[in-house]
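One structure below.
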Amino acid sequence: MNTATPHSPITITATPVRYQESILTDGALDFLAALHRGFEHRRQELMQRRQVNRARIANGRNPQFLEETRRIREDSSWSVAPLAPGLRDRRVEITSPIERKAMIAALNSGANVWLGDMEDTCSPTWQNVIKNQVNIRRLLAGELSFSDTEGVEHRLVHEELSALPTVVVRPRGLHLPEKNLLIDGAPLSGAFVDFGLHFYHNAQKLIDAGFGPYYYLPKLENHLEARLWNEVFIVAQDLLGIPQGTVRATIFIETITAAFEMEEILYELRDHAAGLNSGRWDYVFSIIKNFRSRGARFVLPDRSTLTNQAPFMQAFSEQLVRACHRRGASAIGSMSAFVPSKKSPQRTASGLEQVRVEKRREAAEGFDGSWVAHPDLVPVTAREFEEALGGEPNQIARQREDVQVSSAALLDIASLPGTITEQGIRDNIEIGLRYLESWLRGNGAVVLRQQLEDASTAEISRSQLWQWIHQSAITDTGEIISRAWVSELADEIMERIERFEGDRFEDAMELFEACALRDDFPTFMTAGAYLRYLDVPSPALELVG
C-alpha cells in the first residue's frame, strides 16, 4: 500500500494498523518532515564518518583522546544543566518493552525510573512502531491496563505520574531507517521518527505533570553525533514552543570510540544532558566489531566470562563515573539481565546474589544508580544503593579524581583471563538463532537460561563466532575454530530445537549464517534484516500488548 498524506510530503507505505491515524496526524507528520529536512543530510554524513573510523581502526589506528577537544576536557569551568525533576534520584532504573503487561509490571516495581524501550528489546515492525507510541499515550492519559488470556486484569497501583517511576524513552539508533515513512522516496530516520512522534504527542503532557520529555540516546560513536542530537532538541523545542533546555537526555556509552569522548559528548549536549550510562554489552560488541581483524590480542574468551571486573571494563566504568561527576551529570550502571524464576529456586537464589554483588560494586565505584530488566531485581539493587548513598539522592559530589584517565587501560583487552570452549561456541549459536527467530516474529527479547537476551547480546554472540573463525582461535581443548565446525554445530543445534507452527527458524538460520559465517561482516545484524525479513501486519490489525 502506498498512501501519501494530503498535507504532508511523507508517504506511508505500510499496511495500516489500528490507531495509526491517532499517531500519524497531519501535525505529527509535518513535525517529522521538518526534522528530516533539517537533519537527514547531516545524519547521513555522520554515518559515512562511522565507516571511515571503523576502517582506520581495522587498519591499525587505535581510538584515542582527541587533541582537538583537549581544551574541553581540561576546562573545569563548565557543567551540564542542573538535574531535572524526576532525575535527581535514579538509584534503580528498570527497562521494559512498551507492551502493556510489561509496562505495568515495571511501573509497579518501585523503581525510580522506567525506560520505555523502542530500541534493543523492540523488533521494529510497523505494528510495534505504532504500538509503542499508543501505549505511551495510554500511560500518560491514565488509561493503561491489560487483561491476560486467563482474564486477570493488570493495572497500575498508582495512576498519577508523580507517584510512578520517571518516564524515559529510548528511540532507535541513528543508523536505523524507518522504511514505512518516505520523503521523495527516501526513508526517514528511525531515531527521528521515534523521538519525533513521542515529543510531538507527549512533551507538553510530561511538562504539565511536573517532569519533561526525557530520553536515552543509544549507539552514539562520537561527540559530533551528540551535537546533532542537541541541535535536533533545539529545533524540536522551538517548533512546539517548548522552553529551551526542557529536554533531558542520558547517553549510552556503548561504543569504544565514544569511550574516548565522554566529556565531549556531555559538553555538546550540556544544556540537555542528564548523564551517561554504562552500556556494557553493546560496548563489548563494539570492541569485537572494531578490532575483529586485529589479531589474537583482541580475541575475547567465552561471553560468560566477560564481566565488569575485566580490567578494560573496570577502566571503562571508572572513567565514566569520573567524567559524569566532574560535570554534574548522573552516572548510571549496567543492566542486570537476570530473570528470576520460581521454577528454579536454587538458580534464582544464586542469580540474585550475583546481582547483589554486582550492584554493590557499582555503588562503591560511584555510580548513582543502575539498570535492571526484571521487577524482582529492584529491591536487591535499591538496598545496595541506599547503603552507598547514605540518605542522599545521588553521589555526584564524589568526583573520583583518583581515577587515572588512560587510553591504554581502555584498550587492555589482552589481559582478560579466560578461554574459549565448545560450550561457549554452542551458547553463542543458540542465543543468535533463538533471538533472531523471536525478533523476526516481532519480539525484541527472549529469555534463555534465565537471562534476557536482546539485540546487544545476540550481536556479541554472532560477532564472537565471526572473529573466532577468522582468527583461527583455539578452544581450551586445542581445537581450531573453523567455519565448517561452527556450521556443523549450528545444524546440530537446529535439529534439536523444538519447532512450532509459524516459527521463523529457517529465516533465522539464513540470517545467522549471513552475519556470522560469511567473509563479510554486517555492521549491525538487524539493519539489513529489517529491510528484507520483517513483514507488515494485516490491515486494521488489533494492537497486541
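One table, with the values for the structure above:
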read-out	value
Subset of region 34-54 (residues that are open to solvent by 50 Å² or more (accessible area, probe 1.4 Å) and under 16 Å from GLU221 (Cα atoms))	ARG42, GLN44, GLU45, GLN48, ARG49, GLN51, VAL52
Test: residue in region 97-111 that is more than 27 Å from ALA28 (Cβ to Cβ), outside any loop (DSSP other than H, G, I, E, B), without any contact (Cβ under 8 Å) to a residue 12 or more places away in the chain and among the small types (Gly, Ala, Ser)	no
Residue selected from region 160-183 under the condition modelled with pLDDT under 95 and not small (Gly, Ala, Ser), by the criterion farthest from SER456 (Cα to Cα)	GLU160
So ILE474, is it over 26 Å from the mean Cα position of the chain (by Cα) and open to solvent by 10 Å² or more (accessible area, probe 1.4 Å)	yes
Which listed residue, of PRO82, PRO6, is modelled with pLDDT of 95 or more and in a loop (DSSP other than H, G, I, E, B)	PRO82
Failed item, numbered, when PHE146 is tested on (1) open to solvent by less than 10 Å² (accessible area, probe 1.4 Å); (2) aromatic (Phe, Trp, Tyr); (3) closer than 18 Å to ARG18 by Cβ	(1)
Of residues in region 18-33 being in contact (Cβ under 8 Å) with a residue 40 or more places away in the chain and loosely packed, with under 15 Cβ neighbours inside 10 Å, the one farthest from ILE183 (Cα to Cα)	SER22
Count of residues meeting criterion [among the charged types (D, E, K, R), touching a residue at least 60 places away in the same chain (Cβ under 8 Å) and open to solvent by 10 Å² or more (accessible area, probe 1.4 Å)] in region 433-453	2
Lone unmet requirement of (1) among the hydrophobic types (A, V, I, L, M, F, W, C); (2) out of contact with any strand residue (DSSP E or B) (no Cβ under 7 Å at 6 or more places or on another chain); (3) at pLDDT 95 or above for LEU24	(2)
Residue check for ILE420: more than 24 Å from LEU352 (Cα to Cα), in contact with a helix residue (DSSP H, G or I) (Cβ under 6 Å, 6 or more places away or on another chain) and not polar (S, T, N, Q)	no
Where a residue in region 277-300 is farther than 15 Å from ASP412 by Cα and its partner, wherever it lies, is of a type in the set (D, E, K, R), with Cβ under 6 Å and at least six apart	GLY279/GLU254; ASP282/GLU254; PHE285/GLU459
Of all residues making up region 309-326, the number that are aliphatic (A, V, I, L, M) and closer than 15 Å to ILE251 by Cβ	3
Set LEU140, LEU115, LEU83: member being buried (at least 24 other Cβ atoms within 10 Å of the Cβ) and either free of Cβ contacts under 8 Å to residues at least 24 places away in the same chain or of a type in the set (A, V, I, L, M, F, W, C) (or both)	LEU115
Residue in region 191-200 that is over 25 Å from ARG90 (Cβ atoms), touching a strand residue (DSSP E or B) at 6+ places or on another chain (Cβ under 8 Å) and β-branched (Val, Ile, Thr) present	yes
Qualifying residues in region 407-427 (those that are of a type in the set (Gly, Ala, Ser) and modelled with pLDDT of 95 or more) - the one nearest to GLU74 (Cα to Cα)	SER407
Filter result (touching a His at 6+ places or on another chain (Cβ under 9 Å) and either touching a residue at least 60 places away in the same chain (Cβ under 8 Å) or closer than 26 Å to LEU24 by Cα (or both)) within region 145-167	SER145, PHE146
Residue check for ARG73: surrounded by fewer than 22 Cβ atoms within 10 Å (Cβ to Cβ) and within 20 Å of THR250 (Cα to Cα)	yes
Options THR526, THR457: the member that is within 19 Å of the chain's Cα centre (by Cα), modelled with pLDDT under 95 and farther than 28 Å from ARG347 by Cα	THR526
Odd one out for ASN308, checked against (1) surrounded by 22 or more Cβ atoms within 10 Å (Cβ to Cβ); (2) in contact with a strand residue (DSSP E or B) (Cβ under 7 Å, 6 or more places away or on another chain); (3) outside any helix (DSSP H, G or I)	(1)
For GLU430: the one exception among (1) buried (at least 20 other Cβ atoms within 10 Å of the Cβ); (2) modelled with pLDDT under 95; (3) out of contact with any Phe, Trp or Tyr (no Cβ under 9 Å at 6 or more places or on another chain)	(2)
Residue check, ARG54 under 30 Å from ARG297 (Cα atoms), charged (D, E, K, R) and within 22 Å of the chain's Cα centre (by Cα)	yes
Any hit, region 270-283, residues being crowded, with 23+ Cβ neighbours inside 10 Å and out of contact with any strand residue (DSSP E or B) (no Cβ under 8 Å at 6 or more places or on another chain)	no
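Residue by residue, here is whether (1) of a type in the set (D, E, K, R); (2) within 19 Å of the chain's Cα centre (by Cα); (3) outside any helix (DSSP H, G or I) holds:
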{"position": "ASP271", "(1), (2), (3)": "yes, no, yes"}
{"position": "PHE285", "(1), (2), (3)": "no, yes, no"}
{"position": "LYS289", "(1), (2), (3)": "yes, yes, no"}
{"position": "ARG294", "(1), (2), (3)": "yes, no, yes"}
{"position": "LEU300", "(1), (2), (3)": "no, no, yes"}
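The values are calculated or read from the model by the stated rules, or taken from the named source; none is laboratory data. None of these values were measured; they are calculated from a predicted model. Every residue, glycine as well, gets a Cβ built from its backbone with ideal geometry; the counts of neighbours run over all protein chains shown. Accessible surface is based on the protein model in full, side chains and every heavy atom, while ligands, DNA and RNA are left aside. Shrake-Rupley method; radii C 1.70, N 1.55, O 1.52, S 1.80 Å.
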